[in-house]
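Worksheet: the structure to be examined is printed underneath.
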Amino acid sequence: MTQICVALVEETTAGMVARMTELAPLADLFEVRADRVIDLDLLTILRARTRPIVLTCRSVSEGGSWPDDDPRRRLTLLEAVKRRFDYVDVELRSGFFDVMVEKVGEGLIVSHHDIEGMPDDLDRLYGEMTEVGADIAKIVVTPRSIADVGRLLAFAARVRDEGGTPLIALALGPLGTVTRVVAGRYGAPFTYASAAGGQESAPGQIPAAQMADLYRVRDVTAQTKVYGVLGTSVLRSLSPVLHNRALEARGLDAIYVPLQAEALAPFMEALPALGLSGFSVTQPYKVEILPYLHEVEEPAALCGSVNTVVVHDGMLRGSTTDGTGVLAPLKKKIDVKGRNVVILGAGGAARAAALALIRKGAHVTLLARDADKAEEVAAVLGCGAGALHEASMYPWDILINATPVGSGPTIQQTPLPAELHRVGAVVLDMIYDPLETRFLREARAAGGKTIDGLQMLLAQAVAQFETWTGQEAPVDTMKSAALFLAQSQEEES
């Protein structure tokens, strides 16, 4: 079982002691960063131990607080060995071989933290760690690409298969989030987590409560199936909550993780090492991914958009559940047959929604800032098209926002002037972060009936779950998770 090591960042000995007591029910181990503590008292910390402790004293060159040549580092680590701390983490580059020799066979972690990039030769680095007697080797990198993450995980898999010294292989930052969750796949004795959000000791750490409850990292093994959501900004995605709750409810040995990638090509390069069984595709890759797929289901091929990929024996099969995601919540408000529908946007989700609505008998028009793009897509789908700035010219019973306007850096904006909203119209926004967008607020103020993006997310997630697992989705569980998310967003706002 891979354990959860909670990294503590308190600046006082008393603070460390208090946190160890508070977090004992959640943690399997604690990492105490001696370089962070201004009144360091190792004996007091040891006597207050509620879980095994990893004691380290990180240098500036490896992301810590004490200068590399500060003599206190060696003395502190040596004291930790003498006082028999459970684990002592010594940086390979420190040259503190006398400290290492004293701890060999009794919990010596030899580490390397590259805060600039990726080491050129992981084999050589790992070999040096084993040569000095590491009981656990720890290699932490700063990926410049998701392809770096793939290379790190491929190396970790080889170490696991060859039965060498246990390795903890982690990648920092948003690109490396997945490595923290799937550590158990590679035989890591433990993985690192933060005490809480905003208290990370390293970029990309996930709060321990999420690691334990949402991602169930203690149960992850080499046999665990991994699914995820692919995009350029997915760390705030709500999909991991919906899917992980569903996987847990069905008792499946599987997890669902964020897969942040700066571009599609390096993600495809990393894909074999990531060992995925399937993944969701979100912006901006829904259209771009098609040439990489071996098989595409007819609706996805026709609309030119994929949001669901199944991986089997190296083959990639794409489909779309975005249409289902739109139709399901609309059906509760209105019969779409014969209705005029205006969709703002002409990207992947807009295309899938348009196709699904056309096939249900709706009269669809795509409006985009790039009218030529809208007309190109419409010609394929057999619907109307126009320029977004001419929206006032078109009638609608149903209005759908399939643009990103209203989230992220445009959170205060709306794709449509308030005065154009119409009484009685059903208005759906695909955005769910935030749940209450300016677009929806103005539609409701004008007398419209609104549908938030979480309802679409839930409906398409149910279809994705069933596509990947071949099992009926636990809809009630997923609805409960969605309701919890909605309440959480309301509290945050």
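The values are calculated or read from the model by the stated rules, or taken from the named source; none is laboratory data. Please read these numbers as outputs of a predicted model, since none were measured by experiment. Here Cβ is always computed from backbone atoms with ideal geometry, including for glycine, and neighbour counts include all displayed protein chains. What goes into the accessible areas is simple: the full protein's heavy atoms, side chains included, and nothing from ligands, DNA or RNA. Shrake-Rupley method; radii C 1.70, N 1.55, O 1.52, S 1.80 Å.
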Item to check | Among (1) surrounded by 16 or more Cβ atoms within 10 Å (Cβ to Cβ); (2) outside any helix (DSSP H, G or I); (3) modelled with pLDDT of 95 or more - the single one residue 262 does not satisfy | outcome: (1)
Next on the checklist: So for region 165-174 (the condition being out of contact with any strand residue (DSSP E or B) (no Cβ under 9 Å at 6 or more places or on another chain), surrounded by fewer than 19 Cβ atoms within 10 Å (Cβ to Cβ) and outside any strand (DSSP E or B)), does at least one residue qualify?
Outcome noted: no
Next on the checklist: For region 218-248, which positions are basic (Lys, Arg) and without any contact (Cβ under 8 Å) to a residue 60 or more places away in the chain?
Outcome noted: 225
Next on the checklist: Going by what's in this entry, would residue 130 be described as of a type in the set (Ser, Thr, Tyr), more than 28 Å from the chain's Cα centre (by Cα) and surrounded by fewer than 18 Cβ atoms within 10 Å (Cβ to Cβ)?
Outcome noted: yes
Next on the checklist: Just the residues that are crowded, with 17+ Cβ neighbours inside 10 Å and either under 20 Å from residue 156 (Cβ atoms) or of a type in the set (Asp, Glu) (or both), please, taken from region 217-256.
Outcome noted: 217, 220, 224, 225, 226, 227, 228, 248, 254, 255
Item to check | Top-ranked residue in region 413-453 [being open to solvent by 10 Å² or more (accessible area, probe 1.4 Å) and of a type in the set (A, V, I, L, M, F, W, C); ranked as modelled with the lowest pLDDT] | outcome: 435
Next on the checklist: I'd like to know if region 139-149 contains one or more residues that are free of Cβ contacts under 8 Å to residues at least 60 places away in the same chain and either open to solvent by 40 Å² or more (accessible area, probe 1.4 Å) or on the phi > 0 side of the Ramachandran plot (or both).
Outcome noted: yes
Item to check | For residue 323: the one exception among (1) in a strand (DSSP E or B); (2) buried (at least 18 other Cβ atoms within 10 Å of the Cβ); (3) not acidic (Asp, Glu) | outcome: (1)
Checklist entry - So, of the residues in region 274-308 that are in a loop (DSSP other than H, G, I, E, B) and farther than 28 Å from residue 179 by Cα, which turns out to be most open to solvent (accessible area, probe 1.4 Å)? => result 297
Checklist outcome for this item: Log entry, pairs with first residue in region 406-419 being over 10 Å from residue 434 (Cβ atoms), second being part of a loop (DSSP other than H, G, I, E, B) and among the β-branched types (Val, Ile, Thr), beta carbons closer than 6 Å, six or more apart or on different chains, reads 415/403
